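Asks: The structure under discussion is supplied below as structure tokens; questions concerning it will follow.
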Amino acid sequence: MTAPALPKVNAPVDLPCPDWCGGNCDDWTGSDDGSRYHAVRQISIESAEAYSGHKGIDISTTRLDMEDEIGDTFVTMVTGTTNGPHHMADWALTPTDARRLAAALLNAADVADAPPTGELSIRTQFVQIGDELLTPDGWQTVYMVLIDAQSGHAAAFTPEKNDTDTDGWHFPFDERVWVRRAVIR
């Protein structure tokens, strides 16, 4: 005589919380699928002018673990009014895409309202025409920028380095350079 087969029961695996977890992940463990949601709100911005009808934006770092598998980490954004801690994200970006969005927002803000004159340490891909670039020959005004997306390099041309075929100041996109920007109002 054989014993009846017992139903397979998955024992919950206690996956570690990420260092940044806000500690409220236990609130999400009531689901039947064994998932565990980790989140921490980074910033909540209220709109001074509700141009789009939204009252604000919440930006959080999140991760959804499924049973015994650690999930991917995302930067999530929720626009409008949220009702308590549980809400669906309007946007979920990878950390790389979040950095790209942050850089684009910074550039757009600089165009809308130029930063004060001063020295800035920026990535080469954000050098603009009219910036003064710190070179081994001193500060030089940039009059042209060439960006080669395939190679991941940019070249800034100044009066002293102006041959477009072989010259210019060449940098990888992510290399930080010093620039000075004039205030344009």
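Asks: Would you mind computing, in nm to one decimal, how far apart the modelled labels at residue 70 and residue 96 are, each placed 7 Å from Cα along Cα→Cβ?
Replies: 1.9
Asks: A further question follows. Note down the Stokes-Einstein diffusion coefficient of region 114-181 in µm²/s, whole number, using a Kirkwood radius over alpha carbon pairs, 25 °C, and 0.890 mPa s. Working shown, then result.
Replies: On the way: Rh = 11.9 Å.
Calculated translational D: 207 µm²/s.
Asks: Order by neighbour count: 96, 73, 124, fewest other Cβ atoms within 10 Å first, most last. Please list the in-between numbers first.
Replies: Details: 96 9, 73 14, 124 23.
Arranged by neighbour count, lowest to highest, 96, 73, 124 become 96, 73, 124.
Asks: Which FRET efficiency, nearest 0.05, do residue 104 and residue 19 yield, Cβ-Cβ r, R0 22 Å? Mind dumping the intermediate values first?
Replies: Working: r = 28 Å, r/R0 = 1.26.
After rounding, the FRET efficiency stands at 0.20.
Readers should treat all values here as calculations from the given coordinates under stated rules, not as data from a laboratory. Just so it is clear, the structure is predicted and the values come from calculations on it, not from any experiment. Note that we place each Cβ from the backbone using ideal geometry, even for glycine, and neighbour counts take in every protein chain shown.
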